[in-house]
1. How would 214, 154, 141 line up from fewest to most surrounding beta-carbon atoms within 10 angstrom?
2. What Kirkwood Rh does the stretch 101-254 have if only Cα atoms enter the pairwise 1/r average? Answer in Å.
3. When a/c is below 1.5 the answer is rounded, else prolate if a/b is larger than b/c, else oblate, so apply that to the stretch 68-108 with a ≥ b ≥ c taken from the square roots of the Cα gyration tensor eigenvalues.
4. Arrange the following residues from fewest to most other Cβ atoms within 10 Å of their Cβ: 120, 73.
5. If you find the alpha carbon centre of the stretch 159-236 and of the stretch 79-154, how far apart are they in angstrom?
6. Among DSSP bridges having both ends in the stretch 116-254, what percentage is antiparallel? Round to the nearest 5.
Ligand code: URA
């Protein structure tokens, strides 16, 4: 490999190669190189091409610090969420953040409330009993998180004892979901449960009145349905949820 190529490759790894002037060779003078060399420098006096100093540069890590969530790409957004410490109580109680799951350019996107105990443990939305029901509901209209649907929550951290998210927690976390929606750019959104629907739409209307119509979030049609955890407690409402799912399917197909 020629010398230029070698330098380019090392530079790409954050390693700069310096050739020392002979008068600064530490082994040929009484100067103490450690007081002159940058931290982390290593001398290789036996280098075949001459006396080299390898310096590990400050790695050129792309940092998104200071960049608003609304401008982050998927990787930076996920890293931002994982490092988020905005809500002290949630941070103190969480095992991990729960970012989202599924196909990142899907036509269908489901918005839930917040992770529960199972999601907090596993790191994926809707993996508990309610999640199994949600998967079955989605499968009934041809959707799955593995193939053609993205799923995310209003909150990325589990509220202690599954309490409702607090307004300030929603305010802290919503920019992450907003960016996820922007990146997925779904044809239509399915909001499951009161908390998801009200916070997504910025309303306080009861879920019973939000169901049955098509709403819009930044121009994207939104269908509201019951949360699968509620449907587990109130199975008679599944009939209404089926109507919602069919409405959602029609939107996706339109
Ligand atoms: N309930 C939700 O709203 N989201 C989850 O991820 C799990 C349960």
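What follows is calculated from the coordinates using simple rules that are stated; it is not laboratory data. None of these values were measured; they are calculated from a predicted model. Virtual Cβ from ideal backbone geometry, glycine too; neighbours counted across all protein chains shown.
1. Starting with the residue having the fewest Cβ neighbours, the order is 214, 141, 154.
2. 15.2 Å
3. Oblate shape, in that a/c is at least 1.5 and b/c is the bigger or equal ratio.
4. 73, 120
5. About 13 Å separates the Cα centre of the stretch 159-236 from the one of the stretch 79-154.
6. Bridges in the stretch 116-254 are about 50 percent antiparallel.
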